[in-house]
Structures are given as C-alpha cells and as structure tokens.
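K.L.:
Dropping the structure in here first, questions after.
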Amino acid sequence: MSDAFDDREKGYEAKFKLDEELRFKAESRRNKLVGLWLAEKFGLTGSDADAYAKEVVLADLDEPGVEDVVRKVMADVETRGADVTEADLRKQLDELFHVAAQQVANE
C-alpha cells in the first residue's frame, strides 16, 4: 500500500512542478507581449521595442505577483505621456496571459 501511495504522491508532485513551470513561462511570455504592446504605444520599434519588452519581463522578477510590472509600466507610461490607464494595462495583462498560456501550451 505505501508504494502505491508514494507513487501517487510523486505523480502529484511532478504535475505540480510542471504546472508551475508552464505558469512561469506563460507569465514571462505575457510580460513580453505587454512590453511589445506598450513599446508600440511609446513609438518604439525593432530592437528598441524588444529591449523594452525585456525590461518588462525582468521587472516581474522583483516580487511575486504582477504588481511590480504594473508599477514599472505605469511609471513608464507617465514618463512618456502615453495614453494608457492602469485599467487598460490590467485588461491587457489578463487578455495576454490567455494568449501566452495558449502559445506555451502549443510549443
């Protein structure tokens, strides 16, 4: 009996680990997509847009959750005078998470 229980526990642990890895990848992809969306709003193109998207991805490593990204991006929006509200940003974060999750799942 304990072998079956141990096998089941290992299976749950492996699934949890995989789910967390996929979530991390999807959140990182979402942040990149948000960065590219904002880069367009800021008039950035090419390597400048890619560099900004990387900044957004890295901002998410400061603390758990999305608030570090929101703070960084909204400060950038204010500095650049872009027409993006926090509600717009949060909507994009939500919508692009679903897009990113689908992209990661299809890889």
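All of the numbers you see were taken from the coordinates with simple rules; none came from a lab. Quantities reported herein were computed from a predicted structural model and do not represent experimental measurements. Cβ: placed from backbone, ideal geometry, glycine included. Neighbour counts: every protein chain shown.
K.L.:
As I understand it, the value is the acute angle between the Cα axis of helix 2-41 and the longest principal axis of the Cα atoms of the chain; what does it come to in degrees, rounded to 10?
P.N.:
10 degrees
K.L.:
What number, rounded to the nearest 500 deg cm²/dmol, is the helix-based mean residue ellipticity at 222 nm of the chain, given -39500 (n - 2.57) per DSSP H run of at least four residues and division by all its residues?
P.N.:
-29000 deg cm²/dmol
K.L.:
Rounded to the nearest 10 degrees, what's the angle between the helix 86-106 long axis and the longest principal axis of the chain, both from Cα atoms, 0 to 90?
P.N.:
Around 50 degrees separate the two axes.
K.L.:
Please get the size of the charge dipole for the chain, origin at its Cα centre, with Cβ charges of +1 on Lys and Arg and -1 on Asp and Glu, quoted in debye to the nearest 20.
P.N.:
280 debye
K.L.:
Looking at His98, Ala51, Trp37, which one has the Cα that reaches farthest to the positive end of the dipole of region 25-106 (charges on Cβ: Lys, Arg +1; Asp, Glu -1)?
P.N.:
His98
K.L.:
For the chain, what D do you get in µm² per second when you plug the Kirkwood radius from alpha-carbon pairs into Stokes-Einstein at 10 °C and 1.306 mPa s?
P.N.:
Diffusion coefficient, whole number: 104 µm²/s.
K.L.:
Evaluate E = 1/(1 + (r/R0)^6) for Glu13 and Leu61, where r is the Cβ-Cβ distance and R0 equals 41 Å; express this FRET efficiency to the nearest 0.05.
P.N.:
E between Glu13 and Leu61, to the nearest 0.05, is 0.95.
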